[in-house]
1. Ignoring ligands, DNA and RNA, what percent of the accessible area of the range 1-158 is carbon or sulfur (1.4 Å)?
2. Tabulate in residue order the Karplus-calculated ³J(HN,Hα) for the range 57-67, using 6.51 cos²θ - 1.76 cosθ + 1.60 with θ = phi - 60°, rounded to whole Hz; enter x for Gly and Pro.
3. Accessible area per residue of the chain at 1.4 Å probe, in Å²?
4. Set the Förster radius R0 to 22 Å, insert the Cβ-Cβ distance between N78 and K28 as r into 1/(1 + (r/R0)^6), and round the FRET efficiency to 0.05.
5. Search the structure for amide H atoms under 5 Å from the amide H of I57, placed 1.01 Å from N in the peptide plane, and list their residues when 5 or more places away or on another chain.
6. With all protein chains present and a 1.4 Å probe, how do F231, F50 order by accessible area, largest first?
7. Could you list, in their original order, any pairs among K28/K185; K70/K196; K79/K115; K54/K121; K196/K247; K151/K196 whose Cα atoms are separated by more than 23 Å?
8. From the phi angles alone, apply the Karplus equation (6.51, -1.76, 1.60; θ = phi - 60°) to the range 125-138 and give each ³J(HN,Hα) in whole Hz, x where the residue is Gly or Pro.
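The values are calculated or read from the model by the stated rules, or taken from the named source; none is laboratory data. Being a predicted model, the structure only gives us computed values, none of them experimental. Glycine gets a Cβ as well: all are built from the backbone with ideal geometry, and neighbour counts include every protein chain shown. Remember, those area values only see protein heavy atoms, side chains included, never the ligands or the DNA or RNA. Shrake-Rupley method; radii C 1.70, N 1.55, O 1.52, S 1.80 Å.
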Amino acid sequence: MQALLAPIQDFLQCETPDEWIVRATEPKQLPALLIDHCNCELKAAQTAMFLIRKYAIDKASGELLLSWAKPYEEFVYNKQRSITEFLARDVKKNELLGELTPKSGVDYSADLIAKMVRLIKEEFHHFEQVLEIMQARNIPYQNLTAGRYAKGMMQQVRTHEPATLIDKLIVGAFIEARSCERFAKLAPYLDDGLQKFYISLLRSEARHYQDYLTLAQAIAAEDISQRVAHFAQIEAQLICAPDNEFKFHSGCPV
């Protein structure tokens, strides 16, 4: 596991504060931890879908993506939701039903589509896995307000293309890297079931971080190390700064 985590730890400028681990392992925080984790998985899929739709495919293909996401979004946004009914739906629930057509003249379309479609499928699967854990522990799903972490990162994204896309991919890399680091640091303090689940997520999260970073460098016409260093600093500040809210990516509890 250390070989998997070493590049992540080098990429990030700080570890998750021990104070966050203490708060996260309080029994009363388990519902908030799992619900926000569940939300994070859906947001990750939605972000990847947005990138594909905006930059890599035609309109008809975009409709295919929206159809793929529809059951997940309906579950989240419908207050009459049922975890049991959602998990019991058709066996093809986690499949993209159709081929995506790359935009012509966009060199990186095929690579962006391939990496992000795989990421979306895995994030949807993780979303369902967290719901299964919540159901087994009688934790109802609830809508939560967004934390400051992703917003704080996105505020640093440049507003002209292709810089916007490059920065968004770098932000995606940091979010996935932090998730991987946090899963690994938190896992030893959890019960056996959750520990096994969180360790099982490490490989995919580590690959997602690498995919985002590889795409950012491939699309950029110049070296991205300065932008990566900039976002590393912002990300570390958000993780280490005092935070009044407890979220999966929140800062140091106060």
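1. On the way: 4420 of 8530 Å².
The computed percentage sits at 52.
2. Running phi through 6.51 cos²θ - 1.76 cosθ + 1.60 with θ = phi - 60° gives 9, 7, 5, 4, 5, x, 5, 4, 5, 4, 5 Hz.
3. On the way: 12430 Å² over 254 residues.
Value for the chain: 49 Å² per residue.
4. Numbers: r = 27 Å, r/R0 = 1.23.
Computed FRET efficiency for N78 and K28 comes out at 0.20.
5. Hits under the 5 Å cutoff: K103.
6. On the way: F231 0, F50 90 Å².
Ranking F231, F50 by accessible area, largest first, yields F50, F231.
7. On the way: K28/K185 19 Å; K70/K196 30 Å; K79/K115 32 Å; K54/K121 19 Å; K196/K247 21 Å; K151/K196 30 Å.
Correct reply: K70/K196; K79/K115; K151/K196.
8. Karplus values, whole Hz, x for Gly and Pro: 5, 5, 4, 5, 4, 5, 4, 4, 5, 4, 4, 5, 9, 6.
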